[in-house]
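This report refers to the structure that appears directly beneath it.
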Amino acid sequence: MMRFGKKVCYLLASMLVMYSCNSNEHELEMNLTNAVNVEENAMVNSILENILNEVEYNMLSIDNGTATKQDSIPFVKIADNNNQENTKTLSINYGQQNSIDYLGKLKRGRITTQIEGEFKSEECCYTVSFEQYYINNLNITGSIKVDSRKSASSENLTFDVTFEEILFTDEKENTYSLSGKLSKEWIEGYETSNNHWDDQFFISGTTSGINSEGREYQSEILTPLLVSHACEFIASGEVLFTAENESCTYSYGNGLCDNKGFFTKDGQQYPFEYGRYQFRYQK
């Protein structure tokens, strides 16, 4: 009799566990703007800014006639396009095998940038493309087009950034797409040509795509994102993130160079970290 009672208890306990798991999965499925989705959106934004940071640093070095940022990069090549005036090709080549950069990230492949004009001028434009490029085994394809101009509201140099069919793909074929337009205003460090590390920028605009769950999303910057050539992460700024019909706001923090942020939903704040450079949802 006692043995029968134990079997009944085990059966009831198993049913409770199964109900709890199913409830949690249902809750996560219905809660589209959860910590994972917010973290991944913050992550892809940070990766793209980190790529532009790398390109911009080398472009500034070219214009100043100083050494390019070698990092752990096996080969950085600058080629003048003799058939076109004031045009160059910048190639940042990590090789076919993973190399560890100075931030501890695994990288391989090539970033190629076609440049017209000098980076600090109002007549500069450049296009960034990727050739078998990976960061932490996350493949990135698509292109980034950048055009410079003077800000309409200030005298600061501003860059119009267009992301064209950016696609992130991990080792398990999870994907994350992103397209959109951003404005990047140079707010600090323009006058100090020999010191790239004090350069700071404000970023605003909107991007959209399909996240790793296969859901449509939109990311609208509410408070300009603060980025710097001295930091791999986005230091501050606020974003309105919408996944299908659900929305929340998230923040990159209070100006510290770290990978920590928080998002706010229904009046509650929840912390997240976005520096893993991997998708959390797996197929």
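The values are calculated or read from the model by the stated rules, or taken from the named source; none is laboratory data. Since we're looking at a predicted model, the values are computed, not measured. When we count neighbours, we look across all protein chains shown, and the Cβ atoms used for this are built from the backbone with ideal geometry, even at glycine.
Can you tell me how many residues within the range 171-200 are farther than 15 Å from E49 by Cα and assigned to a loop (DSSP other than H, G, I, E, B)?
11
Kindly list the number of the only condition in (1) within 23 Å of I187 (Cα to Cα); (2) in contact (Cβ under 8 Å) with a residue 40 or more places away in the chain that fails for S251.
The single condition S251 does not satisfy is (2).
E213: touching a helix residue (DSSP H, G or I) at 6+ places or on another chain (Cβ under 6 Å) and part of a loop (DSSP other than H, G, I, E, B), yes or no?
In short, no.
Would you be able to tell me the number of residues in the range 254-271 that are surrounded by 18 or more Cβ atoms within 10 Å (Cβ to Cβ) and either modelled with pLDDT of 90 or more or not in a strand (DSSP E or B) (or both)?
Step one: list which residues in the range 254-271 are surrounded by 18 or more Cβ atoms within 10 Å (Cβ to Cβ), which gives 259, 261, 263, 265.
So of that shortlist, the ones also either modelled with pLDDT of 90 or more or not in a strand (DSSP E or B) (or both) come out as 259, 261, 263.
Number of matching residues: 3.
Across the range 144-197, what is the number of residues that are at positive phi, small (G, A, S) and in contact with a Gly (Cβ under 9 Å, 6 or more places away or on another chain)?
Count: 1.
Here are T206, T223: which of them is over 16 Å from L48 (Cβ atoms), touching a residue at least 12 places away in the same chain (Cβ under 8 Å), polar (S, T, N, Q) and in a strand (DSSP E or B)?
Just a single option satisfies the conditions, and that option is T223.
For residues that are part of a loop (DSSP other than H, G, I, E, B) and within 26 Å of N139 (Cβ to Cβ), scanning just the range 231-243, find the one that is farthest from the chain's Cα centre (by Cα).
This residue is C231.
Which count do you get for residues in the range 149-163 that are of a type in the set (A, V, I, L, M) and more than 18 Å from V128 (Cα to Cα)? Talk me through it step by step, then tell me what you get.
Filtering the range 149-163 for residues of a type in the set (A, V, I, L, M) gives 152, 157, 161.
Add one more test, that the residue is more than 18 Å from V128 (Cα to Cα), and what stays is 152, 157.
Total satisfying the criteria: 2.
Please go through the range 146-179 and give me each residue that is of a type outside the set (V, I, T) and crowded, with 18+ Cβ neighbours inside 10 Å, ordered by number.
Hits for the range 146-179 are S148, L157, F159, F163, F168, D170, N174, Y176, S177, L178.
Please identify the pairs in which a residue from the range 265-277 that is on the phi > 0 side of the Ramachandran plot has its Cβ atom under 8 Å from the Cβ atom of a residue that is part of a strand (DSSP E or B) and not charged (D, E, K, R), counting only partners at least 6 apart or on another chain.
Matching pairs, first to second residue: Y277/I135; Y277/L138.
Of the residues E118, E123, which is without any contact (Cβ under 8 Å) to a residue 40 or more places away in the chain, closer than 27 Å to G205 by Cβ, acidic (D, E) and not in a strand (DSSP E or B)?
E123
Which of the residues spanning the range 123-145 are farther than 18 Å from N174 by Cβ, among the β-branched types (V, I, T) and surrounded by 19 or more Cβ atoms within 10 Å (Cβ to Cβ)?
If the condition is that a residue be farther than 18 Å from N174 by Cβ, among the β-branched types (V, I, T) and surrounded by 19 or more Cβ atoms within 10 Å (Cβ to Cβ), then V128, I144 are the ones that fit.
For the structure I just gave you, tell me whether D147 is in a strand (DSSP E or B) and in contact with a Cys (Cβ under 6 Å, 6 or more places away or on another chain).
Against the criterion (in a strand (DSSP E or B) and in contact with a Cys (Cβ under 6 Å, 6 or more places away or on another chain)), D147 qualifies.
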